[in-house]
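Scroll down for the structure; my scribbles are underneath it.
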Amino acid sequence: MKRRVLISVLVSFFLLIGLITLVVVRKEQDKLPLVELDLPRTDFLSINYEKEAMETYLDEMTDTFVSLFQFDKDEYSYLFPVGEKVSLEIQERSETGLVQEIRHEAAYDEVLVSFKSSLSDEGIKNAKVLAKFDFTSNSLDRLIPLEYVHFDDVPPYVFLLRREKGPWGYEYYVEHVSLTDYISDGQYLYPQNLEIKHPIISSCDEPLWDGLKVRIYP
Amino acid sequence: MASIRLENISKVYDDEVHAVTDFSLHISDREFVVIVGPSGCGKSTMLRIIAGLEEASKGDIFFSDKKMNSIPSRQRNVSMVFQSYALFPHLNVFENIAFGLRARKESKKTIQTKVKEVSSLLGIEHLLRRRPKQLSGGEKQRVAMARALVRDADVYLLDEPLSNLDSQLRASLRSEIAMLHHTAQKTFVYVTHDYTEAMTLADRIVVMKDGVINQVGTPQEIFDCPANTFVAKFFGSPQMNFYECRHNDADVWAGIRAEDILIEERSVDDAIESEVLMIERLGHESLVHVCTEKGQFIIREKGKVPYEVGDRVYIKPISQAIHYFDRESGIRIS
Amino acid sequence: MKKKHLIHTIILTLLALITLLPMLFMISNSFMSAKEAVNRYTDLVTPYNVWASEGNIHYYEVDVLPSYLSFETYVKAMNPTYLRMFWNSVLITVPILLGQLIISPLAAYGFEFITWKYKELLFFLYIIVMLLPIQLLLVPHYIAANLLHLNDTWWAIIIPAAFSPFGTFLLRQHLKGLDTTILDAARVEGENEWNVFRKVALPAMYPSLVALFALTFVECWNIVDQSIVFIKDVFNEPLSVYLARMVTAEPGKIFAAATIYMIPAILIFMLTNEYLIKGINLATGVQS
């Protein structure tokens, strides 16, 4: 008799733990915010764009001219990586400039391009500096649809989904990836020096931040 | 039909111990054969060879003219009762008895009826739900016998089944076994070291010593005509008296049973002078131990004897009752 | 006589309490809320709870009983990771138990009742392997596991343990004391060898089997050596190892976690109590 009692206690203990496991694991999953995912596009990016500089000034130190190009956030915006050559047209003359710096401000992005010119600084000041941003990718690239990029911070960022091994299957975390150098054609963003290895979090009902644990199945 | 024929069976264990040597015997159907002998003479080994639990090193076994040497126990259709009863401790009495029937996949109903039948035959129906450890020696023995009888085997083998019981139980169970043999009408092979069991139960007795058959015969033959000194000494209590003698110009052993010696108070012709050493008074008879120049003798007398220790008496063996055995080999001289 | 008996009882009770003290302590602490546990066992040596000081050594008061009963730690302890480790332990223990309980009786029967050449030599080797410390066997096991590509799985632990010679040894010793005539009786009654084993020898081994079950369970439930060596993935560890990890990471939950870990072992011990004693008695030949 006693033996039966003990055996049933033992069995019910294990069943209880099993039940608790199911409940706890499920509940934990349910508490996590649900995210939608999307993958980067694989496509050729090609831009062909002209932008007029907002202002141009002479940098005394390096004895070069620096033009400032300003891009709105929601405008066609494309930014070449620092050190990239840009073809400029100044008063119908072509020059080659070098991207010196990229600044991300709250409402717009600024690209500073330096170039040498034979014109005087006076002439330059009044001249119209046109930059031709010309880019065609020579391979299939991983393009991020622009609607997934968040511009509320400087630099803009995307949220990627990082998968890690957890006790019951995989656990998913939000990864904040800043986009510093990128080229955009208004629809897609082509990040420079960055490989998007994880799926992109396209949307979520709740606010997200870096390191947050999320779930991908309802 | 279950006759057993054993031809030249020998069993040797690998350390060169000869348990059985050249054993040949023919057992007829429905015969009750008792193999008797001192401990270690090979009788149990012989029984196990018949059962199929041991394999003979040499020789053949036939059951009703079918060669059985390499056939395993379970196919030989024998039943065995062991000295230690060998009841299965984890089963109750019913299951113990039913074990063989279940092994042969008999139907539940058959098992029920047969077990009930046998247990009532042996008077143990009230024990059917008990476990072996709750039974007394006699009850265990009956269960073991019930287990053997419930199957309709051709041959029943009993290995010293009564050795572990007290003498009263032994006597009563002995007669029960005899009755069972009569009712069952099957071949029984019985092994014991007790000669009285052999005498009372057997149709024929086989006397074994050191793995060799010394004599085969009916109880009366063996008692009246022992083939050698060993058989003569083994049968009879008190043992046969032996003394050296000369017979037909040869030195022989003469053997005379305790009941075949006369005691006289006065000297009669050919009587041997002797002194009473001890008297065992058993009520219905007395055993008188005397000492003579030829050695000590035990004499059985009916009822009371008027002698006392230290008395001088004269003993005379009845000459027709003297058995003569060769001095060296011990074999009977007819 | 009575006085002596009383003194003996008192001494034994005290010894028992001292032995059990860590366990009782743990159980009572598991009912504390997490904060209380943390507060008590971290270095909170204030003038209020210092009981005595000698130089740099401070003795301070510890209450055995919690001041406020709470099941909070139990709830917290049952997080998915802990539960996963619990089931890891179960999934390691059950195959080992099954393996031992199937292989050992068969092997013991073979060693005891069947005669074959080199039997005693092989049994001698079994005994030697059984007596070797587990640490010595870890290296050959590791090499073998590597060759079989089992290095990060539980099979590297399960297979050596399931074939452990201890079970065979224990059961064979028990069988030595058995009356072999019942096997003969079964054979004569018409059972083939396998049924003789199954219906007669196996039931006869039952007390030792239960003892083996209990001993193997405790050994597997507490397995640490092999799991540290063979298992690299953190989530595949059994609970015995994870518990050690937990102590440093989360001191509040450790008591509840350990109490839950202890329950199956206690239950199984209660189940197999009498048989354990019987089984070991029969194996060593000492009558109680």
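The values are calculated or read from the model by the stated rules, or taken from the named source; none is laboratory data. As the structure is a computational prediction, the values presented were derived from the model and not from experiment. When we count neighbours, we look across all protein chains shown, and the Cβ atoms used for this are built from the backbone with ideal geometry, even at glycine.
Could you identify the single residue in B:Ala51, B:Ala103 that is at pLDDT 90 or above and either in contact with a Cys (Cβ under 7 Å, 6 or more places away or on another chain) or more than 17 Å from B:Gly211 (Cα to Cα) (or both)?
Working: B:Ala103 fails: at pLDDT 90 or above.
From the options B:Ala51, B:Ala103, the qualifying one is B:Ala51.
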Return the residues of the range C:176-192 that are in contact with a Pro (Cβ under 9 Å, 6 or more places away or on another chain) and assigned to a helix (DSSP H, G or I); say none if nothing qualifies.
C:Ile182, C:Arg187
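Return the residues of the range C:181-208 that are more than 12 Å from every other protein chain (Cβ to nearest Cβ) and either without any contact (Cβ under 8 Å) to a residue 12 or more places away in the chain or under 24 Å from the mean Cα position of the chain (by Cα) (or both); say none if nothing qualifies.
Pass one, the range C:181-208, residues more than 12 Å from every other protein chain (Cβ to nearest Cβ): C:197, C:208.
Matches in the range C:181-208: C:Ser208 only.
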Are there any pairs with C-beta distances below 8 angstrom linking a residue in the range B:23-43 that is over 21 Å from B:Arg174 (Cβ atoms) and not assigned by TED's automatic domain parsing to the domain that holds B:Ser10 to a residue that is modelled with pLDDT of 90 or more and of a type in the set (A, V, I, L, M, F, W, C), with the two at least 6 apart or on different chains, and if so which?
none
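Take the range C:18-43 and flag every residue that is at pLDDT below 75, in contact with a Phe, Trp or Tyr (Cβ under 9 Å, 6 or more places away or on another chain) and hydrophobic (A, V, I, L, M, F, W, C). Spell out how you get there, then give the answer.
Our first condition is that a residue be at pLDDT below 75; within the range C:18-43, this holds for C:32-43.
Filter once more, so that each one left must be in contact with a Phe, Trp or Tyr (Cβ under 9 Å, 6 or more places away or on another chain): C:32-33, C:36-37.
If the condition is that a residue be at pLDDT below 75, in contact with a Phe, Trp or Tyr (Cβ under 9 Å, 6 or more places away or on another chain) and hydrophobic (A, V, I, L, M, F, W, C), then C:Met32, C:Ala37 are the ones that fit.
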Residue that is nearest to the chain's Cα centre (by Cα) [pool: residues in the range B:181-192 that are crowded, with 19+ Cβ neighbours inside 10 Å and not in a strand (DSSP E or B)]
B:His181
Of all residues in the range A:99-118, how many are free of Cβ contacts under 8 Å to residues at least 24 places away in the same chain and of a type outside the set (Asp, Glu)?
3
Can you pull out every residue in the range C:107-121 that is surrounded by 13 or more Cβ atoms within 10 Å (Cβ to Cβ) and either polar (S, T, N, Q) or without any contact (Cβ under 8 Å) to a residue 60 or more places away in the chain (or both)?
C:Gly110, C:Lys119
Note on the range A:182-195: residues surrounded by 18 or more Cβ atoms within 10 Å (Cβ to Cβ) and either assigned to a loop (DSSP other than H, G, I, E, B) or among the aliphatic types (A, V, I, L, M) (or both) are A:Ile183, A:Asp185, A:Leu189
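Rundown of residues vs (1) assigned to a strand (DSSP E or B); (2) among the hydroxyl-bearing types (Ser, Thr, Tyr); (3) at pLDDT 80 or above, yes/no style:
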{"residue": "A:Val66", "(1), (2), (3)": "yes, no, yes"}
{"residue": "A:Tyr78", "(1), (2), (3)": "no, yes, no"}
{"residue": "A:Pro81", "(1), (2), (3)": "no, no, no"}
{"residue": "A:Ser87", "(1), (2), (3)": "yes, yes, yes"}
{"residue": "A:Ser94", "(1), (2), (3)": "yes, yes, yes"}
{"residue": "A:Leu98", "(1), (2), (3)": "yes, no, yes"}
{"residue": "A:Ala106", "(1), (2), (3)": "no, no, no"}
{"residue": "A:Leu112", "(1), (2), (3)": "yes, no, yes"}
{"residue": "A:Ser117", "(1), (2), (3)": "no, yes, no"}
Out of the range A:17-37, which residues are more than 10 Å from chain C (Cβ to nearest Cβ) and over 41 Å from the mean Cα position of the chain (by Cα)?
A:Leu19
Is it true that C:Phe217 is more than 14 Å from chain B (Cβ to nearest Cβ) and at pLDDT 90 or above?
yes
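Please find, within the range A:146-184, the residue that is nearest to the chain's Cα centre (by Cα) out of those that are charged (D, E, K, R) and under 21 Å from A:Arg103 (Cβ atoms).
Applying the first criterion (charged (D, E, K, R)) to the range A:146-184 yields A:147, A:152-153, A:162-165, A:171, A:175, A:181.
Going one step further and asking which of them are under 21 Å from A:Arg103 (Cβ atoms), we end up with A:152-153, A:181.
Working: A:Asp152: 12, A:Asp153: 11, A:Asp181: 9 Å.
So the residue we want is A:Asp181.
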Of the residues in the range B:95-143, those that are more than 14 Å from chain C (Cβ to nearest Cβ), polar (S, T, N, Q) and in a helix (DSSP H, G or I) come to B:Thr110, B:Gln112, B:Thr113, B:Ser119, B:Ser120, B:Gln134
Could you tell me which residue of the range A:38-60 is nearest to the other protein chains (Cβ to nearest Cβ), considering only residues that are β-branched (Val, Ile, Thr) and under 30 Å from A:Arg142 (Cβ atoms)?
A:Thr42
Subset of the range B:181-197 (residues that are hydrophobic (A, V, I, L, M, F, W, C) and at pLDDT 90 or above)
B:Phe188, B:Val189, B:Val191
Where residues in the range B:77-94 are buried (at least 20 other Cβ atoms within 10 Å of the Cβ) and touching a strand residue (DSSP E or B) at 6+ places or on another chain (Cβ under 9 Å), which of them is farthest from the other protein chains (Cβ to nearest Cβ)?
B:Val81
